[in-house]
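Visitor: What follows is a single structure, and I will ask about it in a moment.
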Amino acid sequence: MKIVFDQVDKKFGIVNALKDISFEIDQGEFVFITGNSGAGKSTLLKLILNQLKPSSGKILLGDVDLSLGNKDDINNTRRKIGVVFQDYQLISDKTIEENIALILDIVNYPKEKIQSRIDQVIKEVNLGTRRFLFPSQLAGGELQRAALARALAIEPEVILADEPTGNLDPENSWNLVKLLKEINQKNNTTIIMTTHNNDIVESMGKRVIKLKEGELV
Ligand SMILES: Nc1ncnc2c1ncn2[C@@H]1O[C@H](COP(=O)(O)OP(=O)(O)OP(=O)(O)O)[C@@H](O)[C@H]1O
Ligand SMILES: [Mg+2]
């Protein structure tokens with residue numbers, strides 16, 4: 001799906017978190033969103049996820065206008081987006097495999113295909129030996145790969161990754177970015193990743209959307 005922001009503003013009381021933001025991201029692009037803390041990066045991702053509503057302006061996900069679309073259309077669109085966060089957000093009393101099963105259940109993935117889909121994504125992120133463990137038993141790099149497996153499981157058109165390397169050491173950060181790059185190339189999945197890591201941004205040579213105090217630079 002193509003993602004379009006058209007003159008989007010987001011205010012929180014007197015804080016103007018995003019100001020007059022317009023851009024388009026085509027299906028299959030790999031885009032970094034950069035900017036200092038407080039620049040509005042997470043706010044931008046939350047708007048795409050429809051977790052926040054813009055104060056003004058228009059957001060289109062494919063054919064669906066988030067402010068005009070009906071609930072079903074918006075929910076269906078939301079199900080085409082996988083998310084990865086800095087703090088993983090895995091459910092602590094479920095194993096890695098159960099965490100992935102849960103999301104597949106939520107999106108009504110065909111029951112008879114759930115196990116093979118889990119096997120597939122576990123393999124893609126190389127967590128075969130960790131699948132029956134709980135999040136507390138995994139290292140950070142493994143946790144983030146588990147979170148990526150969960151995002152991937154639903155066969156998303158888009159993956160939003162908010163500072164996914166924020167808690168990882170350099171080696172694990174690179175591994176994760178490499179995986180994202182592979183997914184992008186192999187499946188034509190759009191990847192939108194926020195980061196403070198300039199080394200990664202520079203060496204990847206991908207498009208960068210830079211924010212400064214809520215404005216596009
Ligand atoms: N729910 C909220 N209520 C009030 N203000 C908010 C809310 N969410 C974000 N803000 C404000 O909006 C601005 C942008 O925040 P945002 O979290 O998008 O920044 P960010 O670029 O993701 O920063 P970081 O790099 O630290 O994650 C900040 O000034 C923040 O305080
Ligand atoms: Mg943020």
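Where a number appears in this text, it was derived from the coordinates with a stated rule and is not lab data. What you see is a predicted model, and the numbers here were worked out from it, not measured in a lab. FYI the Cβ positions are ideal-geometry reconstructions off the backbone, even for glycines, and counts take in every protein chain you see.
Visitor: Nearest 20 debye, what's the magnitude of the dipole of segment 126-214 about its Cα centre given +1 on Lys and Arg Cβ and -1 on Asp and Glu Cβ?
Guide: Rounded to the nearest 20 debye, it is 220 debye.
Visitor: Taking the Cα centre of segment 1-61 as the origin, how large is its charge dipole in debye, to the nearest 20, when only Lys and Arg (+1) and Asp and Glu (-1) carry charge on their Cβ atoms?
Guide: Here the size comes out at about 300 debye.
Visitor: Roughly what % of Cα-Cα distances in the chain sit above 28 Å, to the whole percent?
Guide: 28
Visitor: Using the Karplus curve 6.51 cos²θ - 1.76 cosθ + 1.60 with θ = phi - 60°, what ³J(HN,Hα) values do you get for each residue of segment 28-45, in whole Hz, with x for Gly and Pro?
Guide: Computed from phi, the couplings for segment 28-45 are x, 6, 10, 10, 9, 10, 10, x, 5, 4, x, 5, x, 5, 5, 4, 4, 5 Hz.
Visitor: How large is ³J(HN,Hα) for each residue in segment 81-90, as worked out from phi by the Karplus curve 6.51 cos²θ - 1.76 cosθ + 1.60 (θ = phi - 60°), to whole Hz, x for Gly and Pro?
Guide: 10, x, 10, 9, 10, 4, 9, 6, 6, 8
Visitor: Give me a comma-separated list of calculated 3J(HN,Hα) values for segment 207-215, in order, Karplus coefficients 6.51, -1.76, 1.60 applied at θ = phi - 60°, integers in Hz, x for any Gly or Pro.
Guide: Using θ = phi - 60°, the values come out as 5, 10, 9, 9, 10, 9, 6, x, 10 Hz.
Visitor: Equivalent-ellipsoid semi-axes (√(5λ), Cα gyration tensor) for segment 84-129, whole Å, largest first?
Guide: In descending order, the three semi-axes are 17, 14, 9 Å.
Visitor: Taking neighbour Cβ counts within 10 Å as the exposure measure, how do K113, K46 sort from fewest upward?
Guide: The fewest-first ordering by Cβ neighbours comes to K113, K46.
Visitor: Hey, another quick one. For segment 1-33 and segment 187-217, what is the separation of their Cα centres, given in Å?
Guide: 13
Visitor: Arrange T95, T77 by Cβ neighbour counts within 10 Å, fewest through most, would you?
Guide: Least crowded to most crowded, the residues run T95, T77.
Visitor: With 10 angstrom as the radius, rank F32, F23 by how many other C-beta atoms surround their C-beta, starting from the fewest.
Guide: Ranked by crowding around the Cβ, least crowded first: F23, F32.
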